[in-house]
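The values are calculated or read from the model by the stated rules, or taken from the named source; none is laboratory data. Quick caveat: nothing in here was measured; it's all calculated off a predicted structure. As a convention, Cβ positions derive from the backbone with ideal geometry for all residues, glycine included, and neighbour counts pool all protein chains shown.
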Amino acid sequence: MSVSAHVYDILIIGAGPVGLACGIEAARKNLNYLILEKDCLTNSVFHFPTEMRFFSTPELLEIGGVPFVISGEKPSRQDCLNYYRRVAESFKLRIQLFEKVEQIRHRDGGFEVTSSQKSYSAKNVVIATGFYDHPNPIGIPGEQLPKVSHYYSEAHPFFRRRVAIIGGKNSAVEAALDLFRHGAEVTIIHRGDDFGKSVKYWILPDIQNRVKDGAIKALFNTRVTRITEDAVYVVNGTAAEQRVENDFVFAMTGYHPDYEFLRSAGIDSEQQKACFDPETFETNVPSLYIAGVAGAGKGANTLFIEHGREHAKKIVAHIAMKMGS
């Protein structure tokens with residue numbers, strides 16, 4: 001494996017909106033930086049449902065002061081992909097795509113970062129890897145069957161299929177409505193007694209009405225105990241296990257940061273949340289920073305792009321101050 005001859009001021013892991021924002025701030029401070037991304041640009045956004053619209057308005061998704069202009073009120077997934085590509089081109093950001101970081105080692109006052117292609121030396125490292133690649137497991141038999149997915153993309157393949165959706169928050173509700181409108185027979189299974197309070201206000205009446213008129217079946221206060229090739233098995237309270245005929249399952253149970261990767265870099269954690277200074281986002285490892293939802297632990301659903309872009313400003317400002325830039 002080759003070794004880069006450069007010693008970067010900042011090496012940024014992740015080319016999502018927050019990683020891009022870090023790169024923009026580094027460029028503005030005239031710091032030598034590089035962004036490494038294991039997949040495509042804004043990979044998590046790319047894998048969102050194809051018809052998804054964001055809760056945030058465009059100005060809250062802007063980075064680098066580049067205006068995000070769309071014709072409607074809420075940006076779509078495609079609007080965001082177009083915007084972040086334009087931002088990357090506008091700032092001529094230095095990004096290595098499809099290059100996965102495998103190890104971060106603290107060495108000689110800096111870092112050696114090993115990727116799938118080469119090793120890099122850096123004075124500072126920023127982890128901005130998000131959490132979308134690591135779904136929360138249910139921990140039941142059958143969860144690994146091919147019919148089960150923690151990601152929803154589009155409805156067409158499930159026309160006239162019996163689809164169970166596990167969960168009751170935004171992603172579950174949006175998938176249920178999309179599947180129903182494209183001809184699937186949908187059952188929502190949720191351990192709560194109603195849909196989550198965070199469900200988008202313009203969507204909540206829609207799903208409530210579909211459940212009320214029987215178009216979508218909802219099983220509240222219910223949990224899935226096991227999944228087989230042709231059914232899911234559920235229990236409600238102390239009642240006996242029931243069988244629900246089924247073809248496909250979407251387990252929309254949320255996601256979490258890559259705790260193993262964070263620990264391997266030496267980052268301490270408490271209750272599955274990385275330890276860092278809330279003012280600078282520097283972790284317990286000197287000069288190793290964490291940005292965006294990567295450091296949020298189980299509270300990742302409370303952080304959004306508008307928060308992460310502020311993280312980027314604080315992180316790079318702190319690095320620039322230390323380096324006298």
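Against the definition (farther than 30 Å from Ile290 by Cβ and either free of Cβ contacts under 8 Å to residues at least 40 places away in the same chain or crowded, with 17+ Cβ neighbours inside 10 Å (or both)), how does Lys217 come out, yes or no?
On the way: farther than 30 Å from Ile290 by Cβ: yes; either free of Cβ contacts under 8 Å to residues at least 40 places away in the same chain or crowded, with 17+ Cβ neighbours inside 10 Å (or both): yes.
Judged against the criteria, Lys217 is a match.
Only one of these conditions is not met by Gly183: (1) part of a loop (DSSP other than H, G, I, E, B); (2) at pLDDT 95 or above; (3) on the phi < 0 side of the Ramachandran plot. Which number is it?
Gly183 satisfies every listed condition except (3).
In the stretch 122-142, what residues are under 30 Å from Gly109 (Cβ atoms) and either of a type in the set (A, V, I, L, M) or touching an Asp or Glu at 6+ places or on another chain (Cβ under 6 Å) (or both)?
Ala122, Lys123, Val125, Val126, Ile127, Ala128
Say whether the condition of being in contact (Cβ under 8 Å) with a residue 24 or more places away in the chain, assigned by TED's automatic domain parsing to the domain that holds Leu60, closer than 23 Å to His6 by Cα and not in a helix (DSSP H, G or I) is met by at least one residue in the stretch 130-137.
No: zero hits.
When you go through Val148, Val113 one by one, which is the residue that is among the hydrophobic types (A, V, I, L, M, F, W, C), farther than 30 Å from Val244 by Cβ, at pLDDT 95 or above and crowded, with 16+ Cβ neighbours inside 10 Å? Before you say what the answer is, go through the steps one by one.
Working: Val148 fails: farther than 30 Å from Val244 by Cβ.
One residue alone meets the criteria, Val113.
Give Ile12, Ile35, Ile104 a once-over and let me know the one that is under 23 Å from Asn284 (Cα atoms), surrounded by 15 or more Cβ atoms within 10 Å (Cβ to Cβ) and touching a Ser or Thr at 6+ places or on another chain (Cβ under 8 Å).
Working: Ile12 fails: touching a Ser or Thr at 6+ places or on another chain (Cβ under 8 Å); Ile35 fails: touching a Ser or Thr at 6+ places or on another chain (Cβ under 8 Å).
Answer to the selection: Ile104.
Within the stretch 283-291, is there a residue that is loosely packed, with under 14 Cβ neighbours inside 10 Å and either at pLDDT below 75 or not assigned by TED's automatic domain parsing to the domain that holds Leu11 (or both)? Lay out the reasoning, then the answer.
Step one: filter the stretch 283-291 for residues loosely packed, with under 14 Cβ neighbours inside 10 Å, giving 284, 286.
Subsequent filtering for residues that are either at pLDDT below 75 or not assigned by TED's automatic domain parsing to the domain that holds Leu11 (or both) retains none.
No, the stretch 283-291 contains no residue that is loosely packed, with under 14 Cβ neighbours inside 10 Å and either at pLDDT below 75 or not assigned by TED's automatic domain parsing to the domain that holds Leu11 (or both).
So which residues in the stretch 186-221 are more than 19 Å from Val234 (Cα to Cα) and assigned to a helix (DSSP H, G or I)? Give the derivation first.
Pass one, the stretch 186-221, residues more than 19 Å from Val234 (Cα to Cα): 196-210, 212-215.
Those that are more than 19 Å from Val234 (Cα to Cα) and assigned to a helix (DSSP H, G or I): Leu204, Pro205, Asp206, Ile207, Gln208, Asn209, Arg210, Lys212.
Please go through the stretch 63-79 and give me each residue that is without any contact (Cβ under 8 Å) to a residue 60 or more places away in the chain and within 18 Å of the chain's Cα centre (by Cα), ordered by number.
Looking only at the stretch 63-79, we keep the residues that are without any contact (Cβ under 8 Å) to a residue 60 or more places away in the chain, and these are 64-79.
Correct list: Pro75, Ser76, Arg77, Gln78, Asp79.
Taking the condition surrounded by 18 or more Cβ atoms within 10 Å (Cβ to Cβ), of a type in the set (D, E, K, R) and under 30 Å from Pro286 (Cα atoms), does Lys118 pass?
Values: surrounded by 18 or more Cβ atoms within 10 Å (Cβ to Cβ): no; of a type in the set (D, E, K, R): yes; under 30 Å from Pro286 (Cα atoms): yes.
Answer is no for this residue.
Quick one: count up the residues across the stretch 34-62 that are small (Gly, Ala, Ser) and without any contact (Cβ under 8 Å) to a residue 24 or more places away in the chain. Talk me through it step by step, then tell me what you get.
First pass over the stretch 34-62, keeping only residues small (Gly, Ala, Ser): 44, 56.
Filter again for without any contact (Cβ under 8 Å) to a residue 24 or more places away in the chain, leaving none.
The number of residues fulfilling the criteria is 0.
If we keep just the residues of the stretch 210-250 that are over 18 Å from Glu185 (Cβ atoms) and aliphatic (A, V, I, L, M), which is nearest to the chain's Cα centre (by Cα)?
Residue satisfying both the conditions and the ranking: Val235.
Given the conditions (1) without any contact (Cβ under 8 Å) to a residue 12 or more places away in the chain; (2) surrounded by fewer than 15 Cβ atoms within 10 Å (Cβ to Cβ), report the number of the one that Tyr233 does not fulfil.
Unmet for Tyr233, out of (1) without any contact (Cβ under 8 Å) to a residue 12 or more places away in the chain; (2) surrounded by fewer than 15 Cβ atoms within 10 Å (Cβ to Cβ): (2).
Tell me, please, whether a residue that is of a type in the set (A, V, I, L, M) and either farther than 30 Å from Asp9 by Cα or under 24 Å from the mean Cα position of the chain (by Cα) (or both) can be found in the stretch 189-196. I'd like the intermediate steps shown before the answer.
Let us first name the residues in the stretch 189-196 that are of a type in the set (A, V, I, L, M), namely 189.
From what's left, either farther than 30 Å from Asp9 by Cα or under 24 Å from the mean Cα position of the chain (by Cα) (or both): 189.
There is at least one residue in the stretch 189-196 that is of a type in the set (A, V, I, L, M) and either farther than 30 Å from Asp9 by Cα or under 24 Å from the mean Cα position of the chain (by Cα) (or both).
Of Glu99, Glu62, Glu89, which residue is acidic (Asp, Glu), loosely packed, with under 12 Cβ neighbours inside 10 Å and assigned by TED's automatic domain parsing to the domain that holds Asn32? It would help to see each step written out before you state the result.
Details: Glu99 fails: loosely packed, with under 12 Cβ neighbours inside 10 Å; Glu62 fails: loosely packed, with under 12 Cβ neighbours inside 10 Å.
Of Glu99, Glu62, Glu89, the one residue that is acidic (Asp, Glu), loosely packed, with under 12 Cβ neighbours inside 10 Å and assigned by TED's automatic domain parsing to the domain that holds Asn32 is Glu89.
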